[in-house]
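Just below is one structure, and these are the notes that go with it.
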Amino acid sequence: MLKTRVMPCMLFNGLHLIKTIQFDQIRNLGNPVQMARVYNSRNVDELIFIDMKATEEDRPPAYEIIKDIIAECFMPLTVGGGIHSIEVIHRLLKIGADKVCINSEAINNPAFVTAAAKKFGSQCIVISIDVKQVRKDHYVFKSRGRENTNITVIEWVKQVEKLGAGEIFLTSIDKDGTMDGYDLDLIKKVSSAVSVPVIACGGAGKVQDIIDAVKLGGADAISLASIFHYGGHTPNSIKQRMYNAGIPVRFIDKNQI
Amino acid sequence: MTTSFKKVVIIDYQMGNVASVIKAFEKLGAKIKLSRNKNDIEKAEYLVLPGVGAFGDGMKNLKQFGIIDVLSRQVKKGVPFLGICLGMQLLAERGYEFGECKGLGWIKGKVIKLKSPTVPHIGWNDVRVTKNKKILSNLPDNNFYFIHSYFLKPNNKSIIAATCKHGHEFTAAIEQGNIWGTQFHPEKSQSSGLKVLDNFLNYHA
């Protein structure tokens, strides 16, 4: 049976790892390579690394740091931030990334999603979507949550699926870093609108939140950050509780490399 | 480990994901060359065709680099060959990703889309070993990392070494003489994956 993935999200600002609350209130979390080493030694299924400043600062992904992270990882890695061309994707895959995560370029140039999917296969094209609730509906925001595109999330996920997206990385800006639970309504809406896997991000503060996102929301994978740093949990303790709640998870084997 | 200094050529046909494959083989002590040079391929003791991407692009690149003939000759000579993910799918006669496309045809069969509520199939899943083949011998556990939307359906079921289930059962690994293939990514599957690569390097043992 396919396991529900537990995926730490590493947010990078060009210098170090950070965490945010509602995309604001930035706090420094230290060195990304060290963090990758820790996650590799724990029971994580995948890692996501997002360079949140690359697009804003108009620079390429931090290839050297990504290479160092990959050297620490014997698990799949998704890399996001600053991905605006086929050449950048090719270079990231060549140094060992497994998937790339595209956000603003998909909004600005939807044909890029199709070109990337045709070239590299849909399975390695993750579309990252930042969502905020406005009145009663959920809208897609760009530029790190500063600008409402006025596209509803449902409209957008259906479109990116058609364009060739292989996975949706769904972040609730309202819930980001708050640790008061996922936006279950959002996850549920999105996961029932598309057939590609949905990675839920933003809001996990206790293990029950994660269980709810999977069981009630229908998330295929869970992205976590704050709960590891401030919640006193490890990937293993979280997985054990998920397993007890009837969610299939992968446990580490004893011969771990 | 008895795999030191075996000359493994990983085919560089610009279809991604090679760094992890190199890293995994190096961990097993193999001597790796990433190449699409005909001389290198001719001298290889082991050949690996990795791959992330679409079927059509994969075939197009193999053709463009002019290495299909030399690969076929090597495989006919009995050089152990491992196709990973797209690299296994390309062994089939035909693929249907973004339209029909001819494959290498070393394995009779076709590559078709998974029929499951959630596609692509991404993540860790357990495989069911169906045949007692070398490729999956002595596994520490049956969990492997998958990331794909298509799968290989061979005409001859007896070459299937393991299946996996996502919506329905599909081919997870094949072994047809010296031609081996995995739909999952051994290089991303931690100790179980390394065991598969180690089994491959011990093909002649």
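Brief remarks on what is shown
- Strands (runs of 3 or more DSSP E) fully within the range A:139-257 that include at least 2 residues being of a type outside the set (A, V, I, L, M, F, W, C) and crowded, with 18+ Cβ neighbours inside 10 Å: A:167-172.
- When each of B:Gly78, B:Gly66, B:Gly95, B:Gly99 is tested for being touching a strand residue (DSSP E or B) at 6+ places or on another chain (Cβ under 8 Å) and small (Gly, Ala, Ser), the lone residue that passes is B:Gly95.
- Within the range A:117-137, residues that are facing another protein chain (nearest Cβ under 7 Å) sit with their Cβ atoms under 8 Å from residues that are surrounded by fewer than 24 Cβ atoms within 10 Å (Cβ to Cβ) and of a type in the set (S, T, N, Q), at 6+ positions apart or across chains, in these pairs: A:Gly121/B:Ser149; A:Ser122/B:Ser149; A:Gln123/B:Ser149.
- Hits in the range A:116-138 (condition: within 22 Å of A:Asp51 (Cα to Cα) and part of a helix (DSSP H, G or I)): A:Ala116, A:Ala117, A:Phe120, A:Ser122, A:Gln123, A:Cys124
- Residue count for the range B:99-112 under the criterion of being surrounded by fewer than 16 Cβ atoms within 10 Å (Cβ to Cβ) and either under 13 Å from A:Gly121 (Cβ atoms) or in contact with a helix residue (DSSP H, G or I) (Cβ under 8 Å, 6 or more places away or on another chain) (or both): the result is 2.
- Just one residue in the set A:Asn103, A:Asn108 is surrounded by 19 or more Cβ atoms within 10 Å (Cβ to Cβ) and among the polar types (S, T, N, Q); that residue is A:Asn103.
- Positions within the range A:143-189 being in contact (Cβ under 8 Å) with a residue 60 or more places away in the chain and among the aliphatic types (A, V, I, L, M), in sequence order: A:Ile173
- With respect to being touching a helix residue (DSSP H, G or I) at 6+ places or on another chain (Cβ under 9 Å), outside any strand (DSSP E or B), farther than 25 Å from A:Pro76 by Cα and at pLDDT 90 or above, B:Val70 fits the description.
- Residue, surrounded by the most Cβ atoms within 10 Å (Cβ to Cβ), within the range B:169-198, restricted to residues that are within 14 Å of chain A (Cβ to nearest Cβ) and part of a strand (DSSP E or B): B:Ala172
- Residue check, A:Phe112 free of Cβ contacts under 8 Å to residues at least 40 places away in the same chain, more than 21 Å from A:Phe12 (Cα to Cα) and facing chain B (nearest Cβ under 7 Å): no
- Of all residues in the range B:113-139 being among the small types (Gly, Ala, Ser) and within 11 Å of chain A (Cβ to nearest Cβ), the one that is surrounded by the fewest Cβ atoms within 10 Å (Cβ to Cβ): B:Ser116
- Members of the range A:73-83 that are touching a Lys or Arg at 6+ places or on another chain (Cβ under 7 Å) and within 11 Å of another protein chain (Cβ to nearest Cβ): A:Met75, A:Pro76, A:Thr78
- Just one of the listed residues (B:Gln64, B:Gln89) is loosely packed, with under 15 Cβ neighbours inside 10 Å and either without any contact (Cβ under 8 Å) to a residue 40 or more places away in the chain or within 14 Å of chain A (Cβ to nearest Cβ) (or both), and it is B:Gln64.
- Residue under evaluation B:Ala24, criteria (1) within 15 Å of the chain's Cα centre (by Cα); (2) outside any loop (DSSP other than H, G, I, E, B); (3) at pLDDT 95 or above; (4) farther than 17 Å from A:Gly121 by Cα, criterion not met: (3)
- With respect to (1) crowded, with 17+ Cβ neighbours inside 10 Å; (2) free of Cβ contacts under 8 Å to residues at least 40 places away in the same chain, the lone exception for B:Asn37 is condition (1).
The values are calculated or read from the model by the stated rules, or taken from the named source; none is laboratory data. Since this is a predicted model, take the numbers as computed values, not measurements. All Cβ positions, glycine included, derive from the backbone under ideal geometry; neighbour counts span all protein chains shown.
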